[in-house]
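Novice: Here you go, one structure.
The values are calculated or read from the model by the stated rules, or taken from the named source; none is laboratory data. Just so it is clear, the model here is predicted, and its values are computed rather than measured. Quick reminder, even Gly has a Cβ in these numbers, built from the backbone with ideal geometry, and neighbours come from all protein chains shown. Ligands, DNA and RNA are stripped out before the accessible areas are found, and what is left, the full protein with its side chains, is counted by its heavy atoms. Shrake-Rupley method; radii C 1.70, N 1.55, O 1.52, S 1.80 Å.
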Amino acid sequence: MQIFKTLQIKPWLPQELEQEQETNLFPSVLNRDKAATTALKFFLAVVSVIFLLFTITFLQRTQSFDFQALSGEPWLPFTNADILLQNSTYLLVASISIILARKFAELENFKGVIILLTATSLFTLLFIGGQVQVWQQLNQSGFYIYANPANSYYFLLTGMHALHIIAGVLVFIRCIWHFLLDLSYQRLASRLKLCALYWHFLLFIWLFLFFLLTSDTETFKTIALFCGF
Amino acid sequence: MTEMENIAIADQVDHSSHPNTFLTKYVWSQDHKVIAIQYSITAIAVGLIALILSGIMRLQLGFPNEFSFIDPSSYLQFVTMHGMIMVIYLLTALLLGGFGNYLIPLMIGARDMVFPYLNMLSYWTYLLSVMVLVSSFFVSGGPTGAGWTLYPPQAILSGTPGADAGILLMLISLVIFIVAFTMGGLNYVSTILQARAKGMTLMRMPLTIWGIFVATILGLLAFPALLVSAIMMIFDKVVGTSFFMPAILSLGETLDHSGGSPILFQHLFWFFGHPEVYIVALPAFGMVSDVIAVHARKNIFGYRMMVWAIIAIGGLSFVVWAHHMYVSGMNPYFGFFFATTTLIIAIPTALKVYNWLLTLWRGNIHLTVPMLFAIGFIFTFTHGGLTGLMLGNVIIDLPLSDTYFVVAHFHMVMGVSPIMVLFAAIYHWFPLFTGRFLNNKLGKFHFWGTFLGTYAIYLPMHYLGFLGVPRRYFAMGETDFIPESAQTLNAGITVSAIIVGLVQLIFIANVIWSTFKGKKSGRNPWQATSLEWQTAQFPPGHGNWGEKVPQVHRWAYDYSVPQVKDDFIPQNFSPEEVEYLVSEQNNTQEKK
Ligand code: HEM
Ligand SMILES: [Cu+2]
């Protein structure tokens, strides 16, 4: 681990100066991309903590007497989770097309870039639309947000996730806007790299939530036992 | 990559962004120095509101029933708003948004933060959160009176003041604040990691930067817990979920909640709340280290240990939170665990205190105003730290919990101590901000008034706590176990508090007067080594460094170097320049 080496340096000794310069990066020659990547990684850490904490509170709540899981019995909404599977596919396709968009940007292929950027936006919006549809269905069939902690967490977690997607879309639109203004493929490619990282991260979070929210009582019991709740 | 992007950001002089209208220069500014000043002024302004609230509370406590505008509900509202404003909107914002913003780019040799636009957004979002918070004074029902810890279920039940609009505005304001902090925090860590000047290795960074760096990481990882709990409480309040709300009977009415866990909120809150103490303390530790080194003309004792201690404290601060919950009925083994971690965290903390003392030991101590405040900090912090050790033990905490002993403890350790450092820092860096000194006589008066005054406030409170005087009480009423004399003591505390409050007005007046009329300081008036004092233009202008960013050749603590003229070597002096300083010194000696 570099960091432990770094922390052992004795900056007051002159003979360690040269050595220190070698073992340490000099960020001054780095560019904005690097800084943006650092910032994004820290941001992902922040978002991870948010979802981690929600998850811990959720797992604890699954063991309370009034918790009614959303799948497991035929009349429960996610015993058959096809529509969520469909939404997952949208997000997956969006995540892949964003990678392809970057590839085309590197090839400086205008048409390809435009098609794939459109595809990404489209499929991401389809995902959001699909999620909204699920919320409506839940409401129509009486699974109100306040009726049961499982419902509350479903709305809460998917809502938080959707908010993060929407924030991503806003940034994404800004990337497209900048590209249309300056037509710089390099910049687009480096921006798309960050967007792709974010999309994949949110895809991962979504798959995790998908698993979590559609589990049945037995699964929760096992998880809770495993985590010591 | 285009040509431009491969040049160090640091060396790009971006002419297009040079602000020239009043609006772009001082209002919608993206310059970290202007944003820092905006943050600071806003934070100090709300801080004054919190100070006034504390004065009002003290009036009630010292002279019960003399003031008709304070009733039990409004007392609770004042307690709550005072606590929350002080901890979050004043200290966090001033230390990181204010000093973090000002000092990071200057001390590491960068032209600005890496994302200036985001930095600007961060300030305006912070301002919005402050406005939402302050607006809760004007809604029907007034601000929330739930205590700064906002514990449910009472926080959102009728019967608690401000349980409708007040608590919602508080929660929303916190969410907005966290968004603002995250925007700022991402900027600070990325700037420190990616925009340091050539030669500024991590282990050459001044301790101020280390403190701010680790505190920012703590903030980024701890504020989510507050965010999560605020959002869940908003849901409980607005849409009727039961995340925190158990089945409950309120004012004779059964509510629709069931099954939620109020204790869960406490865990989330303190998982944020304890690191928050260090979010405030670590930047203060860093800044006080630098102030002490400069004004004692000594290299900081144990630089590496200081860095390690900052990191260790940062890490440990995430595993001690439940020491705030000893009275919540937790499993005794948990209490044992958290008491142990709490006592362990005292080790790196004590190490830092020893190192400050050893830096002072045989130093060439200049009793300037910044140094006085720094020494004052060592007193108050040691004092508050020792009572912290006591409260960290379950068995001592149980009887003292929710008494004035706790109030005295946390005011010493996280109220007065960071404020002492903030004053030290303001007196120390004021010449950098304005090119002028703060008035010295008023400064000394301010120091002694504040230092002695806060002791006069908080020392007796420990005693009241031992007597059993409870915290967050509007009045004691008929109480057998508390002697009459406690009331006399309370009156004395109030008089001291009013005096301390008034002394701060002298400080404000000093700042305003000195900004325009203060004695000119000239460049680097304290003869400090760190980069912020070595800018081409003084005080530093837009872009900080003129044509070329500095290159760093050494750490920040070369003081009292015997061979060189003026006894110190700035971080950016190359070996040739140092030789020149040595020959200058030889010349003067020969002349003698
Ligand atoms: C001269 C300065 C100050 C005075 C006179 C003062 C006075 C008070 C008083 C009277 C209370 C209420 C005690 C009670 O009834 O339980 C209180 C609570 C509190 N104060 Fe201060 N205070 C001052 C500065 C600060 C500072 C700088 C901080 C920053 C950390 C701070 C943080 C708090 C907190 C967190 C609470 C607890 C609020 C609650 O119980 O919900 N205070 N203060
Ligand atoms: Cu704590």
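Novice: Obtain the nm distance between the two label points defined at B:Leu452 and B:Trp308 by a simple spin-label model: each point lies 7 Å from its Cα along the Cα-to-C-beta direction.
Specialist: Simple spin-label model gives 4.2 nm for this pair.
Novice: For segment B:1-196, compute Rh as the Kirkwood radius over C-alpha pairs and then the Stokes-Einstein diffusion coefficient at 10 °C and 1.306 mPa s; write the answer in µm²/s, rounded to an integer.
Specialist: In µm²/s, the coefficient is 86.
Novice: Step by step: find N for chain A, compute 2.2 N^0.38 Å, then divide the Cα radius of gyration by it. What's the final number?
Specialist: Working: Rg = 22.5 Å, N = 229, 2.2 N^0.38 = 17.3 Å.
The reported ratio for this selection is 1.30.
Novice: Related question: Roughly how far apart, in whole Å, are the Cα centres of segment A:193-229 and segment A:99-117?
Specialist: 31 Å
Novice: Under unit Cβ charges (Lys, Arg +1; Asp, Glu -1), what dipole magnitude, rounded to 20 debye, does segment B:1-196 have relative to its Cα centre?
Specialist: On the way: 5 positive and 9 negative charges, 53 e Å.
The calculation lands at about 260 debye.
Novice: Now for a different question. Step through the table entries A:Lys5/B:Lys548; A:Lys5/B:Lys352; B:Lys298/B:Lys352; A:Lys41/A:Lys111; B:Lys25/B:Lys520, compare each Cα-Cα distance with 27 Å, and write down the pairs that go over it.
Specialist: A:Lys5/B:Lys548; A:Lys41/A:Lys111
Novice: How far, in degrees from 0 to 90, does helix A:185-213 lean away from the longest principal axis of the Cα atoms of chain A, to the nearest 10?
Specialist: Helix A:185-213 sits roughly 30 degrees off the main axis of chain A.
Novice: Per DSSP H run of n ≥ 4, the term is -39500 (n - 2.57); total these for chain B, divide by its residue number, and report the mean residue ellipticity at 222 nm rounded to 500 deg cm²/dmol. Write down the numbers at each step before the final one.
Specialist: On the way: 17 runs with 349 residues, N = 592.
Computed mean residue ellipticity for chain B: -20500 deg cm²/dmol.
Novice: Moving on to the next point. At 7 Å along Cα-to-Cβ for each site, give me the label-to-label distance between B:Ile506 and A:Gln137 in nm.
Specialist: For the pair B:Ile506/A:Gln137, the computed spacing is 7.2 nm.
Novice: Right, here's the next one. What total accessible surface area, summed over both chains, is buried at the interface between chains A and B, computed with a 1.4 Å probe and given in Å² to the nearest 100?
Specialist: 4500 Å²
Novice: May I pose another question? Give me, ordered by chain and number, the residues 5 or more places off B:Lys519 or on other chains with an amide H under 5 Å from its own placed amide H.
Specialist: B:Phe437
Novice: Moving to a separate point now. Over chain B, what is the relative contact order in percent, taking alpha-carbon pairs closer than 8 angstrom and at least six residues apart?
Specialist: Relative contact order of chain B: 15 percent.
Novice: Under a cut-off of 14 Å between alpha-carbon atoms, report the aspartates and glutamates in cross-link reach of B:Lys33, not counting same-chain residues fewer than 8 places apart.
Specialist: Counting by Cα, and skipping residues close in sequence, B:Lys33 has these aspartates and glutamates nearby: B:Asp112, B:Glu532.
Novice: Got a number for carbon plus sulfur as a percent of chain A's accessible area, 1.4 Å probe? Display every interim value, and only then the final one.
Specialist: Details: 7820 of 11660 Å².
Whole-percent figure for carbon plus sulfur exposure: 67.
Novice: Sorted from largest down, what three extents in whole angstroms do the Cα atoms of segment B:382-426 have along their principal axes?
Specialist: 40, 16, 10
Novice: Quick check: the angle from helix B:32-62's long axis to the longest principal axis of chain B, C-alpha only, nearest 10 degrees?
Specialist: The two axes meet at around 40 degrees.
Novice: Between segment B:59-102 and segment B:533-574, what is the separation of their alpha carbon centroids in Å?
Specialist: For segment B:59-102 versus segment B:533-574, the Cα centre distance is 41 Å.
Novice: Mind giving me the nanometre distance, one decimal, between the label points for B:Glu576 and B:Lys520, set 7 Å out from Cα along Cα→Cβ?
Specialist: Computed distance between label sites B:Glu576 and B:Lys520 equals 3.1 nm.
Novice: Which of the residues in segment B:167-196 lose at least 10 Å² of accessible area when you go from the chain alone to all protein chains together (probe 1.4 Å)?
Specialist: B:Thr182, B:Leu186, B:Val189, B:Ser190, B:Leu193, B:Gln194, B:Arg196
Novice: Find the relative contact order for segment B:1-196 and round it to a whole percent, using C-alpha pairs within less than 8 Å whose residues are 6+ positions apart.
Specialist: Relative contact order, segment B:1-196: 25 percent.
Novice: A further question follows. To one decimal place, what orientation-averaged projected area in nm² is obtained for the convex hull of the Cα set of the protein assembly as shown?
Specialist: So the mean shadow area of the Cα hull is 37.9 nm².
Novice: Which residues does a label at B:Lys548 reach in segment B:506-542, if reach means a backbone N under 19 Å from a point 7 Å past the Cα toward the Cβ?
Specialist: Within reach of a label on B:Lys548, which here means backbone N under 19 Å from a point 7 Å along Cα→Cβ, segment B:506-542 contributes B:531-538, B:541.
Novice: Can you pull the percent of segment B:1-196's accessible area that's carbon plus sulfur, 1.4 Å probe, other chains left in place?
Specialist: Percent of accessible area from carbon and sulfur atoms in segment B:1-196: 70.
Novice: Work out the charge dipole of segment B:1-196 with +1 on the Cβ of Lys and Arg and -1 on the Cβ of Asp and Glu about the Cα centre, then indicate which of B:Ile52, B:Met113, B:Val134 is farthest towards its positive end.
Specialist: Farthest along the dipole direction, towards plus: B:Ile52.
Novice: Could I ask something else about it? Give the lysines reachable from B:Lys591 as a straight Cα distance under 18 Å; neighbours fewer than 8 places away on the same chain don't count.
Specialist: Straight-line reach from B:Lys591, under 18 Å: B:Lys565.
Novice: Leaving out ligands and nucleic acids, note down the accessible area per residue over the protein assembly as shown with a 1.4 angstrom probe, in whole Å².
Specialist: 42 Å²
Novice: Moving to a separate point now. Using only Cα atoms, tell me the angle between helix B:369-392 and the longest principal axis of chain B; keep it within 0 to 90° and round to the nearest 10.
Specialist: That works out to roughly 40 degrees.
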